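Student: Pasting in a structure now, in structure tokens, and then I'll have a few things to ask.
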Amino acid sequence: MMGRLVIYSLIAIVSVVVISWLRPSGDVVNNNVTVDIGSVMPNSTTTKPFSIKNKSTKAWHVKNIMTSCGCTDISVASQVIPPGSEVDGLLTVAAPSRPGRFGVMGKIFLAESSPIDLIVRANVVSPLQVLPSSLGIVDSLEASFNWVCEDQNDDVSVVSTPTWCDVVLRSDGTGRVQVNVAPDTGVDGNVILRTSSGFLCTLRVSVRRSAFLSVTPAIVHLGNVQIGTICRSQVRISVQDNCPTTGQWDVTSGHPQLTVSQRDENGTTILDVEFRPTSSGYISETLGLKNGPLTAKVPVLARVLPVPEE
């Protein structure tokens, strides 16, 4: 029994010695430091001061400093930090070329305590900015925006637009989106601007309409028509006041016996549709309407009956 007690005592003494040897002799203090650099330009170098405070009861001795990225350098003004005192540090970060949020980790290793974690945060912003970044066009065919390029020597151009709009950039820092095809309900797309140094900026454009163009009826039903007879119908077109038109409508039809004439009646365009069938069968054609940026399609349906036998 005494032998076992001696063995257990020796194990406890060895464990205490090993733990004391593995653990730093000073106070273990969680002293993380976060440095937010804020917004920086791509490929720029930023220097930011920070400070470390020794909240323990023993002096700290800086053994080593490491970072997670070669783009960052960390230095401290003194390798010894007395208890209760504060030492200044300097952080230098080289920003990446791609815009967006990024972070770097640093560790300051101490002889007497656990390492101090240095957390560095920054937001890399493109030198080209568009305001607003999203443009909503409702019941209209154009809208304006502003653009700013930090580098005065950088040229800015439009490299991509949706097929349904044109974009003009002016030298005074303004721009205009001109919708060239009025959508039936709504469309969305991106306008991409580019600097001569290669930085891109996106302008989101959304177009919504409630009533650019009103066409009635939406479908022309001519019904049963006999060969040799003439069938007539009308289509009425109304346009919003702020929607530009160019006078006459361009009307296309794929059927040789389907003709359309147009006239104006108190600001409303009347299309007189005339059908002279020469063969029997079912007819399904489409009238294509276009006037400036406005387009519409009107189906024309009919059933042509043969001449009854006597």
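The values are calculated or read from the model by the stated rules, or taken from the named source; none is laboratory data. A quick note: this is a predicted structure, and the numbers were derived from the prediction, not measured. Here the Cβ is made from the backbone with ideal geometry for all residues, glycine too, and neighbour counts use every protein chain on show.
Student: Consider only pairs whose beta carbons are under 7 Å apart and that are at least six residues apart or on different chains; among these, list those whose first residue lies in segment 290-310 and is within 30 Å of Gly247 (Cα to Cα) and whose second residue is of a type in the set (D, E, K, R) and exposed (fewer than 14 other Cβ atoms within 10 Å of the Cβ).
Tutor: Lys290/Asp250; Asn291/Asp250
Student: So, one more: Which residues, counting only those in segment 255-294, are under 23 Å from Val239 (Cβ atoms) and assigned to a loop (DSSP other than H, G, I, E, B)?
Tutor: Asn266, Gly267, Gly292, Pro293
One line per residue, one yes/no per condition, for (1) within 20 Å of Ser39 (Cβ to Cβ); (2) in a strand (DSSP E or B):
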site	(1), (2)
Ile74	no, yes
Val87	no, yes
Pro96	yes, no
Phe102	yes, yes
Gly106	no, yes
Phe109	no, yes
Ala122	yes, yes
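Student: Quick one: how many residues across segment 237-254 are at pLDDT 80 or above, assigned to a loop (DSSP other than H, G, I, E, B) and within 14 Å of Ser214 (Cβ to Cβ)?
Tutor: Final tally of qualifying residues: 1.
Conditions tested, residue by residue: (1) modelled with pLDDT of 90 or more; (2) surrounded by 13 or more Cβ atoms within 10 Å (Cβ to Cβ); (3) closer than 17 Å to Thr47 by Cα.
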residue	(1), (2), (3)
Ser75	yes, no, yes
Asp88	yes, no, yes
Ile108	yes, yes, no
Ser114	no, yes, no
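Student: Across segment 149-168, which residue is farthest from Asn64 (Cα to Cα) among those that are modelled with pLDDT of 90 or more and of a type outside the set (Gly, Ala, Ser)?
Tutor: If we take residues in segment 149-168 being modelled with pLDDT of 90 or more and of a type outside the set (Gly, Ala, Ser), then Asp166 is farthest from Asn64 (Cα to Cα).
Student: Further, regarding this structure: From the residues in segment 34-57 that are buried (at least 16 other Cβ atoms within 10 Å of the Cβ) and under 19 Å from Glu112 (Cβ atoms), which one is farthest from the chain's Cα centre (by Cα)?
Tutor: Ranking the candidates gives Ser56 first.
Student: So Asn224 fits all but one of (1) modelled with pLDDT of 90 or more; (2) over 23 Å from Leu141 (Cα atoms); what number is the exception?
Tutor: Result: Asn224 passes all but (1).
Student: Could you say whether any residue in segment 275-282 is surrounded by fewer than 14 Cβ atoms within 10 Å (Cβ to Cβ) and free of Cβ contacts under 8 Å to residues at least 24 places away in the same chain?
Tutor: Scanning segment 275-282 turns up at least one residue that is surrounded by fewer than 14 Cβ atoms within 10 Å (Cβ to Cβ) and free of Cβ contacts under 8 Å to residues at least 24 places away in the same chain.
Student: Turning to a different aspect of this structure: Do you know which residues across segment 49-72 are more than 16 Å from Arg121 (Cβ to Cβ) and outside any strand (DSSP E or B)?
Tutor: Hits for segment 49-72 are Asn54, Lys55, Ser56, Thr57, Lys58, Ala59, Gly70.
Student: Next up: Can you tell me which residue in segment 116-134 is surrounded by the most Cβ atoms within 10 Å (Cβ to Cβ), limited to those that are hydroxyl-bearing (Ser, Thr, Tyr) and touching a strand residue (DSSP E or B) at 6+ places or on another chain (Cβ under 6 Å)?
Tutor: Ser126
Student: Another question, then. Taking Ser97 as meeting all but one of (1) in contact with a His (Cβ under 7 Å, 6 or more places away or on another chain); (2) surrounded by fewer than 14 Cβ atoms within 10 Å (Cβ to Cβ), write down the number of the exception.
Tutor: Here Ser97 clears every test but (1).
Student: Residues Thr161, Thr92: which one is more than 18 Å from the chain's Cα centre (by Cα) and at negative phi?
Tutor: When all the criteria are applied, what remains is Thr92.
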